[in-house]
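No value in this document is a laboratory result; all are computed from the given coordinates. Given the structure is predicted, the values throughout are model-derived calculations rather than measurements. Heads up, the Cβs are rebuilt from the backbone with ideal geometry, glycines too, and the neighbour counts pull from every protein chain shown.
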Amino acid sequence: MLIRDILKEKGRGISFEFFPPKSEEGKDSFLAVIRDLSAFNPLYVSVTYGAGGTTQDRTYRTLKWLREETDLTVMSHLTCIGATQKAIDELLRSYMSIGVDNILALRGDPPRGVPDFDPLKGEFKYAIDLIRFIKRYNFFSIAVAVYPEGHQESPSLEKDMEYTKKKIDEGADFAITQMFFDNKYFYQFMERAERAGINIPIIPGIMPIGDIKKIIEFASFCKATIPDSIIKKMEPYQDNPEEMKKIGIEIAIKQCTDLRNNGVRFFHFYTLNKSDMVSSIVKVIGT
Ligand code: FAD
């Protein structure tokens, strides 16, 4: 089912993001996590796509499992940087054949360790080019990524919003944000989006912090500020994963509760293919 219709019909709810398991052997444990989280009736679940198509086969296989073994609405992430139109066409047709009709259209990041890679020479330069391409099929509901603190390559928040608005106008039905840990960035982003005339649903991406060291490293790549107060609270528990998770759950509950109190109706959880933290959070905040 098209997610744009689900969002309209339900008006509130949660969704979960997964990455594709490395091997066929990961299927049972992956589906066990899916079963746990299905108890919360997610609006949809999404499967990530490795930069440069590195997980193309695995992403497809995971989507197929989900289609065959569950009734969940699924969305594939899809990056276009370095891809040809022919390859994307083949992939979209394969998605159509298994009933995957929702795509998170992304540019992706240039491959690391390839110094002479020039994204502007490719057939797709930005996510907007992929959106234009996908629209032609008249089959998919399209989502895009947005960045409360601005995308790491954007020269300014104004430019960031200018390009964000352009790609949404090209045919995005809804947007999911990059993770953020201070809600002020989300609220400021929403104000900028409103001023720019953006009126599609913008769903906050919630990353429960299970390991502060890893999140600090990840956040440094994607321009997500982690408040000192969170770092100070969590760092002493680096060698106590259970306590660290407990604190991470409390922080995410506080974040989601504040968002709810400020009118947010949809939440997208980055699950990292684990159900424990997200379940504890959703049990408290509700769906
Ligand atoms: P774009 O919207 O194309 O923007 C990229 C940059 O180009 C921005 O700085 C933008 O301001 C700038 N820009 C846009 N148009 C122009 C223009 N005309 N001229 C000059 N500059 C311009 N990555 C993966 O590899 N796999 C995934 O599964 C994945 N899932 C994600 C899910 C979410 C919810 C989010 C938030 C990100 C995800 N990413 C994923 C990361 C994403 O691929 C990177 O953040 C990437 O750097 C940008 O992708 P984009 O689609 O936002 O790019």
Exercise for the section: May I ask you to derive the relative contact order of the range 21-161, considering only C-alpha pairs under 8 Å and at least 6 residues apart, and to give it as an integer percent? Expected result: 21
Handout entry: Net dipole in debye of the chain [+1 Lys, Arg Cβ; -1 Asp, Glu Cβ; about Cα centre; nearest 20]
Key = 480
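Test of understanding: what is the full-extension gain from Q238 to N199, defined as 0.36 nm times their sequence separation minus their Cα-Cα distance? Could the numbers behind the result be given before it?
Working: separation 39, 0.36 × 39 = 14.04 nm, distance 4.12 nm.
Extra length available between Q238 and N199 comes to 9.9 nm.
Using the beta-carbon distance between N261 and F139 and R0 = 35 Å, what value does 1/(1 + (r/R0)^6) give for FRET efficiency, to the nearest 0.05? Walk me through the intermediate numbers first.
Working: r = 38 Å, r/R0 = 1.08.
With R0 = 35 Å, the Cβ-Cβ based efficiency is 0.40.
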Problem - Approximate spin-label separation L272-Y163, in nm, with each point projected 7 Å along Cα-to-Cβ - result: 2.8
Completion exercise
Relative contact order of the range 54-107 (C-alpha contacts under 8 Å, at least 6 apart) in percent is 45
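Among 135-141, 276-282, 172-178, 53-59, how do they line up from the highest to the lowest mean number of other beta-carbon atoms within 10 Å?
Numbers: 135-141: 15.4, 276-282: 19.9, 172-178: 21.9, 53-59: 18.1.
The packing order, highest mean first, is 172-178, 276-282, 53-59, 135-141.
How much net charge surrounds I212 when only the other residues with a Cβ under 9 Å from the Cβ of I212 are counted, with Lys and Arg +1 and Asp and Glu -1? Walk me through the numbers before you get to the answer.
Working: positive: K213, K214, K233; negative: D211, E235.
Value of the local net charge: +1.
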Problem - Under 12 Å from the F117 label point (7 Å along Cα→beta-carbon), backbone N, the range 65-95 - result: 80-83
Handout entry: In sequence order, calculated HN-Hα J values of the range 232-244 (Karplus, 6.51, -1.76, 1.60; Hz; x Gly/Pro)
Key = 4, 5, 9, 4, x, 9, 3, 9, 10, x, 5, 5, 4
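For the range 1-53, just say rounded, prolate or oblate: build the C-alpha gyration tensor, square-root its eigenvalues into a ≥ b ≥ c, call rounded for a/c under 1.5, and beyond that prolate if a/b exceeds b/c, oblate if not.
On the way: a/c = 3.37, a/b = 1.53, b/c = 2.20.
Here the range 1-53 falls in the oblate category.
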Problem - Relative contact order of the chain, pairs being alpha-carbon contacts under 8 Å that are 6 or more residues apart, as % - result: 20
Practice task
Taking a cut-off of 21 Å between Cα atoms, list the lysines near K165, but don't count ones fewer than 8 places away on the same chain.
Solution key: K8, K125, K135, K184, K223
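According to the square roots a ≥ b ≥ c of the eigenvalues of the Cα gyration tensor, what is the shape class of the range 3-285, taking rounded for a/c under 1.5, prolate for a/b larger than b/c otherwise, and oblate for the remainder? Could the numbers behind the result be given before it?
Numbers: a/c = 1.38, a/b = 1.19, b/c = 1.16.
Judged from the Cα gyration tensor, the range 3-285 comes out rounded (a/c under 1.5).
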Problem - M96-K246 pseudo-label distance in nm [points 7 Å out on the Cα-to-Cβ vector] - result: 5.4
Problem - Residue-count net charge about F267 - beta-carbon cut-off 10 Å; Lys, Arg +1, Asp, Glu -1 - result: +3
Completion exercise
Here the net charge surrounding C256, from other residues whose Cβ is less than 12 Å away from its Cβ (Lys, Arg +1; Asp, Glu -1), is +2
